[in-house]
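Structure first, commentary second.
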Amino acid sequence: MDQLYGYSLYGLSLLTFGGIYAMLALGLNIQLGFTGLFNAGIAGFFVVGAYVSAILSTAPSERHIGGFDWPIPFSLVAAMVVSALIGWAVARICMRLRADYLAIATLGIAEILRLIFKNETDLTNGARGVSYIPKPYESLAQPWNHVMMTVVVLAIVAVLYFMLERARKSPWGRVMAAIRENEDSARAAGKNVDRLRVQAFVVGSAMMGLGGGMMAHHLKFIDPNAADPTTATFLVFVMLIVGGSGNNKGAIVGALLMWTIWSATEIFTSMLPGDLAIRSAYIRVFLIGLMLQIMLQKFPQGLFPEKRLETGSSG
Amino acid sequence: MMKTFKQLALASTMLAFVGTAAIADEIKVGSVAGVTGPIAELVVPIVAGRQMAADQINAAGGLLNGDTMTMVLADSQCDPKAGVDAGTKVVNVEQVVAIVGASCSGATNGMVQSVTIPAGVVALSDSATAPSITDLDDNDLVFRVAASDAYQGAAIAQLAWDQGYRTLAMTYANDDYNAGLAGVFEAAFKGLGGTITSNQMHEPNKASYRSELSTLSGNGAEGLAIFAYYGGSGIAIMRNALEAGLFEKFLAADGMFDQSVIDQIGADVLRDNIMITQAASDYDDPSYVAFAGAFEATGHSPQAPYAAHGYDAAFLIALAIEKAGSTDRAAISAALREVAGPPGVVIRPGEWAKAKAAIAAGQDVNYEGAVGNNDFDGNGDVTGLFSVNVVGADGKWTGNLIR
């Protein structure tokens, strides 16, 4: 019975991590999936959100600035606002860049942001990280603390999904798709393309900040290593591409699925004896890359291909 | 529909049966380590040390009623996300009774705060040295056999002062371990009356450190204190400094302790010019000798950083399980302090049969490990021992305990 109980708790953990990654993937979906903005700097917005929410919500500490003891909902909103502001600044600078150039610029900006948090020791405790971050409902007895954390994460994902589906079907979402497919014709139709691209970038960045904030609360600890590009940028890309770029449901399913694969494969590799267990830890990284290759080669649309909206007339 | 339900019920009964059958003869202990990630090369001997403890125990009668001690490896990647995930897996899926690890301080901090403290599982770290772990509100569930950086930083400063250094330049890799150590060193060296001419942080894994070194040199610095991992940036910094003739004397801490430093820079260049402190053991102590002989036979160097700590951590967990007389997580937590410190029959590495007999006879035991006496203070910390290592005549590191 203990074993089944343990599996259930692990299942909750998968849903919590997967749900937080779903926030990042949904954020990327607005940028890449809807509007075609190749943002390779997810880790940057993630780390901003994580640190802002962490520092605002922890109790005062002499290791880093503050501790401002804010309630978690407020600190999360602040994380979104700050991420959005940074996203706006980045967008203003980089929005004229196209596809791969934008990717290079955002990749660089993410690294700059991560290094700022790593090096501004007086503000963030540098590489040593921020401890004692409060977690929603952590005072409840096990398993209810885990259950409630999962519920909170999934509720946020559900709200985001609902809002994004509305946005996708709205005129705003249609213009975004138009910009992605043919920017010139959208411009010719009188749309303010630059402004709309900035909007998509800012909204997506805010959601990545929210994901970062939730991750900080879930881990109760954050340091710059948590924004490692492998697991904070690359993995999110794989999630969205596997799930289906442009499809919100795909972003969520992709995040849950890929996190489960990423995490649960270790249960099997750790059964191997001795040195093999150590070596096989690298297989997990390889598997994620392989998965990306197969999906891109065989199913470029992902598990849930983007649904085209009915235009009303078949002209 | 009914048929599928029956199959499901059958399957879950079988699963439960397999589960209980496995628990009856196997006691799992989590072995969480940064297998992939920035300290991957340091982790292999540490994990081997943990495993050797389990192997010896299983060969000498096993835990409790002859149960096998199984170390379940999980990868913390030196990343708090992965640390939390690894902790969740070993605690819930593998149902471990206690955890050795995690390796890096960041991953350990995340794992204990988010997973093991709420779940009431003991975590005994063998290499997390961040001072922030000392004052965690942990219900006596977080211990470590690795001394906090506060101790090693002070030890290396004292060593430098005793060797006649008064003016030093220093550089450190910007990671949780080296940054903390460097901070303590700087304060301690200045406290002794020394002067730090320049203190440069650097990012690891760069191709060249010439620009950092040119900032550091000059101003009469007698030597350079390097706080870095040898593979990440330490060797590159030393090579650049020697090539440009900027520094010839070096001080370093245990992230630099590896034979490859001598092999790649050259024994003749480094002889009399480098001192490395290392969290170490009293090499004449019978506890260390017992560990070193056995560990060497497994094909690893007993002086590999934190390998002996890994061994001691796993051995202590086993003693605590035996002392508790059950696999109850809370009982193990309570027993850990008792087996680590006095009073009691002194148990040394490898002496599992003796320990088992003493506990069975109702006696107290006191583990005197390969890295020292491992007596935990109120915070679950140890003071630790440090050695100073220089290049010997044979081109290998020669260590002496700092007394």
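The values are calculated or read from the model by the stated rules, or taken from the named source; none is laboratory data. Predicted model, so just to flag it, every value in this text is computed and none were measured. So basically every Cβ, Gly included, is an ideal-geometry build from the backbone, and we count neighbours across all protein chains shown. Side chains included, ligands, DNA and RNA excluded: accessible areas come from the protein's heavy atoms. Shrake-Rupley method; radii C 1.70, N 1.55, O 1.52, S 1.80 Å.
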Can you confirm whether region A:58-70 contains a residue that is in a helix (DSSP H, G or I) and surrounded by 22 or more Cβ atoms within 10 Å (Cβ to Cβ)? no
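Of all residues in region B:367-403 being polar (S, T, N, Q) and surrounded by fewer than 21 Cβ atoms within 10 Å (Cβ to Cβ), which is nearest to B:Ala60 (Cα to Cα)? Break it down into steps so the answer makes sense when it comes.
Looking only at region B:367-403, we keep the residues that are polar (S, T, N, Q), and these are B:373-374, B:379, B:383, B:387, B:389, B:398, B:400.
This time we only want the ones that are surrounded by fewer than 21 Cβ atoms within 10 Å (Cβ to Cβ), so: B:373, B:379, B:383, B:398, B:400.
Details: B:Asn373: 22, B:Asn379: 32, B:Thr383: 30, B:Thr398: 33, B:Asn400: 32 Å.
Only one residue tops the list, namely B:Asn373.
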In region A:104-155, which residues are in contact with a Lys or Arg (Cβ under 6 Å, 6 or more places away or on another chain), among the hydrophobic types (A, V, I, L, M, F, W, C) and closer than 22 Å to A:Ala22 by Cα? A:Ile133
Could you tell me whether any residue of region A:100-122 is more than 10 Å from chain B (Cβ to nearest Cβ), touching a helix residue (DSSP H, G or I) at 6+ places or on another chain (Cβ under 6 Å) and not in a helix (DSSP H, G or I)? no
Considering only residues that are at the interface with chain A (Cβ under 9 Å from one of its Cβ atoms) and modelled with pLDDT of 50 or more, which ones fall in region B:13-49? B:Ser31, B:Ala33, B:Val35, B:Thr36, B:Gly37, B:Pro38, B:Ala40, B:Val43, B:Val44, B:Val47, B:Ala48
Scan region B:55-71 residue by residue and report those that are more than 17 Å from the chain's Cα centre (by Cα) and among the aliphatic types (A, V, I, L, M). B:Ile57, B:Ala59, B:Ala60, B:Leu63, B:Leu64, B:Met69
Only one residue in A:Gly250, A:Gly190, A:Gly213, A:Gly173 is within 11 Å of the chain's Cα centre (by Cα) and either in a helix (DSSP H, G or I) or of a type in the set (Gly, Ala, Ser) (or both). Which one? A:Gly213
Test B:Val84 against the criterion of being closer than 25 Å to A:Gln142 by Cα, among the hydrophobic types (A, V, I, L, M, F, W, C) and either more than 9 Å from every other protein chain (Cβ to nearest Cβ) or part of a strand (DSSP E or B) (or both), and give yes or no. no
Out of all the residues in region B:117-158, which are more than 19 Å from the chain's Cα centre (by Cα), within 30 Å of B:Ser198 (Cβ to Cβ) and open to solvent by less than 20 Å² (accessible area, probe 1.4 Å)? B:Ala157
So B:Val112 passes all but one of these: (1) at positive phi; (2) more than 7 Å from chain A (Cβ to nearest Cβ). Which condition number does it fail? (1)
Against the definition (surrounded by fewer than 19 Cβ atoms within 10 Å (Cβ to Cβ), within 26 Å of B:Gly372 (Cα to Cα) and either within 14 Å of chain A (Cβ to nearest Cβ) or of a type outside the set (A, V, I, L, M, F, W, C) (or both)), how does B:Gln259 come out, yes or no? yes
Please list, ordered by residue number, the strands (runs of 3 or more DSSP E) wholly in region B:96-185 having 3 or more residues that are of a type in the set (A, V, I, L, M, F, W, C). B:98-100, B:167-173
Give region B:282-298 a look and list any residue that's assigned to a loop (DSSP other than H, G, I, E, B) and modelled with pLDDT of 90 or more, or say none. B:Thr298
